[in-house]
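This report concerns only the one structure given below.
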Amino acid sequence: MATTRSVSMSIRVNSEIKAPINQIYSKRRPSFELTALQLTENGYTPEFESELIAESERCYAAVANGTAKLYKTSAEMFADLDAEDDE
């Protein structure tokens, strides 16, 4: 059966880092409240999901009004993106 051994180590840190760590050690918990992250049914934060929806709507509108760049292959799309990077 394997045995475990304790190891002691010392680390030098500045006082800005040391104060919160000492507080966590003395209280045996973080100095901030942990709350559950509220996610949408799709698993995103509400803010990020709103951004995704807005971007999707912009893309659909661009396709509908004929201003979207359309590609026949992914290679064609990546070549165009590479050309934009070179500019």
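Among the residues of region 66-83, those that are loosely packed, with under 10 Cβ neighbours inside 10 Å and among the small types (Gly, Ala, Ser) comprise 66, 74, 75, 83. One residue is enough: does region 21-38 have a residue meeting the conditions at pLDDT 80 or above, surrounded by 10 or more Cβ atoms within 10 Å (Cβ to Cβ) and either among the hydroxyl-bearing types (Ser, Thr, Tyr) or over 28 Å from the mean Cα position of the chain (by Cα) (or both)? The answer is no; no qualifying residue exists. Hey, among the residues in region 39-65 that are assigned to a loop (DSSP other than H, G, I, E, B) and modelled with pLDDT under 95, which one's surrounded by the fewest Cβ atoms within 10 Å (Cβ to Cβ)? In this case the residue turns out to be 41.
The values are calculated or read from the model by the stated rules, or taken from the named source; none is laboratory data. The shown structure was predicted, so the numbers you read here are calculated from the model rather than taken from an experiment. Note that each Cβ is placed from the backbone with ideal geometry, even for glycine, and that neighbours are counted across all protein chains shown.
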